[in-house]
Amino acid sequence: MQHTNTQDTLVGLFVAAGIAGLFFLALQVSNLSSFSDRDSYNVTARFENSGGLKVKSPVSAAGVKIGQVSAISFDPKTYQSVVTLSIDTQYNNLPDDTTASIFTAGLLGEQYVNLEPGGSDSFLQNGGNIEITQSAIILEKAIGQFLFKSAEEKAEGKK
């Protein structure tokens, strides 16, 4: 009888470890694993269209994650999307003429902000603005333009 209790305990521990592993895996996949408040500074960037960008989406430079999106709002005066980027303070040497673009990771992956450093001698500060931005490419809009253009070319060819 003692052997069965030991086996039951080991199976229970194994199941509990599996559940804990799945929990941490879910946190990693959903970008919620950053519970710790790192030292960071905020900069804003204005986009004509922020696409499917979300709060907590990664901010990267040269393929390295250097921060995350902390807020997204709509400016009713300029009709632009205002994206607040929280960048880790260890990357406080980004030139103030850095450009921001919204890209998609893979064909159907999540969207992220990519920063391309400029050549200025002064750096982005807390509360600063990124002036040069490139909005997200909306797949539906691009396909619609392609189809419209090819239909237009076919119509011109029949004349």
Q.
Could you put ASP97, ASP121, ASP8, ASP39 in order of accessible surface area, largest first, with the 1.4 Å probe and the full protein assembly present?
A. ASP121, ASP39, ASP8, ASP97
**Q.** Using alpha-carbon coordinates, inclination of helix 139-158 to the longest axis of the chain, degrees
**A.** 40 degrees
Q) Length gain on complete extension for the stretch GLN28 to THR4, per 0.36 nm per residue less the alpha carbon to alpha carbon distance? A) 5.0 nm
Q.
Nearest 500 deg cm²/dmol is fine: what mean residue ellipticity at 222 nm does the chain get from its DSSP H runs of n ≥ 4 alone, each adding -39,500 (n - 2.57), divided by its residue count?
A. -10500 deg cm²/dmol
Q: For the range 57-108, just say rounded, prolate or oblate: build the C-alpha gyration tensor, square-root its eigenvalues into a ≥ b ≥ c, call rounded for a/c under 1.5, and beyond that prolate if a/b exceeds b/c, oblate if not.
A: oblate
Q: Using a 10 angstrom cutoff on alpha carbons, build the Gaussian network for the chain and name the most mobile of VAL43, VAL29, VAL83.
A: VAL29
Q: Over the chain, with every protein chain in place, what whole percent of the accessible area is carbon and sulfur at 1.4 Å, could you tell me?
A: 59 percent
Q.
Just to be sure I understand, if you calculate Rg/Rh (Cα atoms, Kirkwood Rh) for this structure, which of (1) 0.98; (2) 1.68; (3) 1.22 do you get?
A. (3)
Q. Heavy-atom accessible area of GLU48 with all protein chains present, probe 1.4 Å, nearest 10 Å²?
A. 130 Å²
Q: Hey, can you find the accessible area per residue of the chain for me, probe 1.4 Å, expressed in square angstrom?
A: 70 Å²
Q) Pairing the Cα long axis of helix 2-29 with the longest principal axis of the chain, what angle in degrees results, from 0 to 90 and rounded to the nearest 10? A) 10 degrees
Q.
Using 0.36 nm times the number of residues separating SER120 and THR99, minus their current alpha carbon distance, what extension gain do you get?
A. 6.4 nm
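The values are calculated or read from the model by the stated rules, or taken from the named source; none is laboratory data. The structure displayed is predicted, hence computed values, not measured ones. Just the protein is used for accessible areas: all its heavy atoms, side chains included, with ligands, DNA and RNA removed. Shrake-Rupley method; radii C 1.70, N 1.55, O 1.52, S 1.80 Å.
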